1. At R0 = 25 Å, how high is the FRET efficiency between Ser258 and Arg140 if r is their beta carbon distance? Nearest 0.05 is fine.
2. At 0.36 nm per residue, minus the direct Cα-Cα distance, what do Gln62 and Ala212 gain on full extension? Give it in nm, one decimal, please.
3. With every protein chain kept in the model, how would you rank Leu72, Leu58, Leu136 by accessible area, 1.4 Å probe, largest at the top?
4. Highest mean first, what order results for 167-176, 247-256 on Cβ atoms within 10 Å?
5. Please report the accessible area of Val90 (heavy atoms, 1.4 Å probe, ligands and nucleic acids excluded) in Å², nearest 10.
6. Net charge around Leu80, counting only other residues with Cβ within less than 12 Å of its Cβ (Lys, Arg = +1; Asp, Glu = -1)?
7. Against the empirical 2.2 N^0.38 Å scaling, what ratio does the C-alpha Rg of the range 143-203 come to?
8. Label 7 Å along Cα→Cβ of Asp224; the range 138-181 residues with amide nitrogen under 16 Å?
Amino acid sequence: MSQRDLQRDAQRGRGSKTRSGLVALGGAAARGAAGRTGQIWLVGAGPGDPELLTIKALKALQAAEVVVHDGLVSDEILDLAPAAARRISVAKRKSRHSYSQDEINRMLTAFALEGLNVVRLKGGDPFMFGRGGEELEAARAAGVPCHVIPGVTAALAAGAAAGAPLTHRGSAQAVTFVTGHAQKGAEPDLDWASLARANQTVVVYMGLSMAAPIAARLLAAGRDGATPALIVENASRADERRVLTTLSGLAEAAAALSGPALLIVGEAMALAHADQAMARAGEAATETVLKEARA
């Protein structure tokens with residue numbers, strides 16, 4: 001995305017360009033045409049199912065003048081915004097970003113300083129690996145009021161749909177959320193010894209492409225290879241797929257999937273039920289590891 005596109009989205013015909021091509025707003029323009037400063041709402045859109053959107057999130061979205069949204073936010077949720085609201089996608093895909101995080105931060109505050117009501121619509125929850133904290137800090141630094149509306153994070157939706165509690169008396173006394181994403185293809189730097197302890201659930205966000213090294217690290221740290229594991233792709237959406245496997249079979253099962261997915265490892269995943277419509281490519285591997293787990 002060019003700097004000209006960013007300027008178009010953030011400037012709206014007022015303010016002046018900085019040396020970087022972004023916008024510097026000041027004076028009357030900085031307070032908007034109505035002489036007021038706008039507000040930023042960091043809104044959790046949930047995992048995709050519009051019925052999982054909170055009432056508070058819906059109200060904020062319906063009052064939006066600008067909606068800056070992630071690529072994973074569903075069209076059904078975006079359609080709840082007013083028709084007159086400007087929609088700007090700041091989708092971030094692996095190795096392809098339309099805007100940098102700094103550009104997004106400046107865009108949000110620039111719109112708010114023009115007096116507009118800005119909704120930053122984020123998949124899941126804004127503070128769960130969503131970089132919402134950075135956007136909140138940017139708003140505070142600019143003196144812009146910023147409100148946070150939590151959303152249903154994908155792990156909760158994935159566990160609920162599969163009938164697998166993330167905590168369960170006797171088999172999961174703790175749950176830990178980690179990210180499998182690391183810069184430049186490196187392995188995530190995690191406390192593997194702690195994650196390898198039995199009777200806890202480990203949820204890995206953005207870990208599909210790193211399933212093999214993650215499983216290897218957990219096994220090397222002492223986690224039992226027969227520990228049940230669940231992979232959920234597109235949690236809560238119409239095309240959701242679930243693959244039930246074990247830690248030792250995690251890498252092979254993950255190879256059959258390609259969409260946004262969670263890896264969930266833990267004894268409580270023995271209660272999960274797999275998707276009856278899973279891809280044929282993953283069925284053979286899943287059946288094999290399930291037999292091993294039941295033996």
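1. On the way: r = 38 Å, r/R0 = 1.53.
E(calc), rounded to 0.05, equals 0.05.
2. Numbers: separation 150, 0.36 × 150 = 54.00 nm, distance 4.26 nm.
Full extension from Gln62 to Ala212 adds 49.7 nm.
3. On the way: Leu72 85, Leu58 55, Leu136 25 Å².
Largest accessible area first, the list is Leu72, Leu58, Leu136.
4. Working: 167-176: 14.9, 247-256: 21.8.
For the peptides 167-176, 247-256, the packing ranking is 247-256, 167-176.
5. Taking all protein chains as shown, Val90 has close to 0 Å².
6. Values: positive: Lys59, Arg87; negative: Glu51, Asp75, Glu76, Asp79.
Once positives and negatives cancel, what remains is -2.
7. Details: Rg = 15.5 Å, N = 61, 2.2 N^0.38 = 10.5 Å.
Relative to the rule-of-thumb radius for its length, the range 143-203 sits at 1.48.
8. Residues 168-174 fall inside that zone.
The values are calculated or read from the model by the stated rules, or taken from the named source; none is laboratory data. Bear in mind that the values here come from a model prediction, so they are computed numbers and not experimental data. Note that each Cβ is placed from the backbone with ideal geometry, even for glycine, and that neighbours are counted across all protein chains shown. Please note that ligands, DNA and RNA were not included when accessible areas were found on the heavy atoms of the full protein model with its side chains. Shrake-Rupley method; radii C 1.70, N 1.55, O 1.52, S 1.80 Å.
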